[in-house]
Number of protein chains: 2
Amino acid sequence: MLNLPSKSLEQAVENLSKLPGIGKKTALRLALHILKEDELYAKDLATSIASLKLNVKFCKKCHNISDHEICGICSNPSRDIHTLCVVENMSDVLAIESTGAYKGLYHVLNGVISPLQGITPADLTIEHLIERVHNEDINEVIFALNASLDGDTTAFFIRQQLEPITILKMSNIARGIPVGGALEFADELTLGRSISERTNL
Amino acid sequence: MLNLPSKSLEQAVENLSKLPGIGKKTALRLALHILKEDELYAKDLATSIASLKLNVKFCKKCHNISDHEICGICSNPSRDIHTLCVVENMSDVLAIESTGAYKGLYHVLNGVISPLQGITPADLTIEHLIERVHNEDINEVIFALNASLDGDTTAFFIRQQLEPITILKMSNIARGIPVGGALEFADELTLGRSISERTNL
């Protein structure tokens, strides 16, 4: 480790390097940048980081981040309250929202079932999801989980519990060649799926 | 820009994305990571960032970062006080110190002369450097500036002012092929310099 000439700098580098994708060298570069900027910026940055944990709440309905008890999506009367999209993280909500292609509600699981990492259904918001589907007037549940072993396991686990509700439609987001993607560079799994799940013209 | 569901999150992303090399998407990833971690981490990170500006001082002799008025290098009695190494930034001091190959003192310019960016000699610590060479018992000044137009200009500007002191030795750090570097991948300028400035065996 670099031998830093200041305890405060060392502390800042230590804490910054705990952020994902930021090593000791980048952390040092960030700390030196903060040192060069005016005092107001360092203060603003520190305040906004501290207030993140203090002020950001999680929506009681969909577990998305929100400044209020119920988030802006769940409380929006123009959304379709009969469709529920199940996602792993709040960043997935942001990604889907930015497309503008979805007008229903969400349910954030806060992770996926992963025996290797010791994440069981009890660690996620699955129980609440089942409860919501039973109590709210939901017609369709869309699974928008990542196409990994853990994602597929989680979707399977939830599907099993929801199957007794015969009138409920369940769907997966489409897998295939990305728009603008070249066929020759696609992996076999994606290309295979895009052929077997081709859409009619 | 992403439409974030929380004002506090937006504020944090805004401030984090002002850091060098961190765009809006990475800033969001960092903010979501901080949200997931326990409260103590967010508090620690915020405190250490705020205390950076408050507690880190600059050495009155060499302008390096320090927790005290005079830094650990300047106040170390085992250092060679007759040799001065001129560097652009405090990160250069850290880099040279980590080699263990230099036992003299430093002088941090806090930048280089750059007419394009409006940085004049008055913005740097050049005047103090000239003063130090005159008042302290310095035998050699080593220029360890980056090999850019601005770096060369700055070295030239300082050299001109120090030339009247005839007993003073001035030197540049060696340029050449990095240790372990392959000749075929070196740029022409570096390879050319490594030949013209070859060392005797």
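The values are calculated or read from the model by the stated rules, or taken from the named source; none is laboratory data. All values reported here derive from a predicted model rather than from experimental measurement. Every residue, glycine among them, receives a Cβ derived from its backbone with ideal geometry; neighbour counts consider all protein chains shown.
Residues of the range A:19-58 being hydrophobic (A, V, I, L, M, F, W, C) and closer than 30 Å to A:I73 by Cα, which ones? Even if it seems obvious, please write down each step before you answer.
First, the residues of the range A:19-58 that are hydrophobic (A, V, I, L, M, F, W, C): A:19, A:22, A:27-28, A:30-32, A:34-35, A:40, A:42, A:45-46, A:49-50, A:52, A:54, A:56, A:58.
The answer is A:L19, A:L45, A:A46, A:I49, A:A50, A:L52, A:L54, A:V56, A:F58.
When you go through B:S17, B:S51, B:S98, B:S91 one by one, which is the residue that is surrounded by fewer than 18 Cβ atoms within 10 Å (Cβ to Cβ), of a type in the set (S, T, Y) and more than 7 Å from chain A (Cβ to nearest Cβ)? Give the steps one after another, and end with the answer.
Working: B:S51 fails: more than 7 Å from chain A (Cβ to nearest Cβ); B:S98 fails: more than 7 Å from chain A (Cβ to nearest Cβ); B:S91 fails: more than 7 Å from chain A (Cβ to nearest Cβ).
Exactly one of B:S17, B:S51, B:S98, B:S91 is surrounded by fewer than 18 Cβ atoms within 10 Å (Cβ to Cβ), of a type in the set (S, T, Y) and more than 7 Å from chain A (Cβ to nearest Cβ), namely B:S17.
Looking at the structure I just gave you, is B:A42 facing another protein chain (nearest Cβ under 7 Å), under 29 Å from the mean Cα position of the chain (by Cα) and more than 22 Å from A:L9 (Cβ to Cβ)? I'd like the intermediate steps shown before the answer.
Numbers: facing another protein chain (nearest Cβ under 7 Å): yes; under 29 Å from the mean Cα position of the chain (by Cα): yes; more than 22 Å from A:L9 (Cβ to Cβ): no.
In short, no.
Inside the range B:64-80, can you point out the residues that are within 12 Å of chain A (Cβ to nearest Cβ) and either in a loop (DSSP other than H, G, I, E, B) or over 22 Å from B:I173 (Cβ atoms) (or both)?
Kept after step one, since they are within 12 Å of chain A (Cβ to nearest Cβ), are these residues of the range B:64-80: B:64-68, B:70-76.
Once the filter is applied, which keeps residues that are within 12 Å of chain A (Cβ to nearest Cβ) and either in a loop (DSSP other than H, G, I, E, B) or over 22 Å from B:I173 (Cβ atoms) (or both), the range B:64-80 yields B:N64, B:S66, B:D67, B:H68, B:I70, B:C71, B:G72, B:I73, B:C74, B:S75, B:N76.
Given the criteria under 20 Å from B:N146 (Cα atoms), modelled with pLDDT under 85, of a type outside the set (S, T, Y) and within 27 Å of the chain's Cα centre (by Cα), does B:G192 qualify? Spell out the reasoning first.
Working: under 20 Å from B:N146 (Cα atoms): yes; modelled with pLDDT under 85: yes; of a type outside the set (S, T, Y): yes; within 27 Å of the chain's Cα centre (by Cα): yes.
Yes; evaluated as a whole, the condition is true for this residue.
Being more than 9 Å from every other protein chain (Cβ to nearest Cβ) and either modelled with pLDDT of 95 or more or over 30 Å from B:N139 (Cα atoms) (or both) is the filter here, so list the residues in the range B:54-63 that pass it.
Selection gives nothing.
Looking at (1) more than 7 Å from every other protein chain (Cβ to nearest Cβ); (2) among the hydroxyl-bearing types (S, T, Y); (3) crowded, with 19+ Cβ neighbours inside 10 Å, which is the one condition that is false for A:S6?
For A:S6, the failing item is (1).
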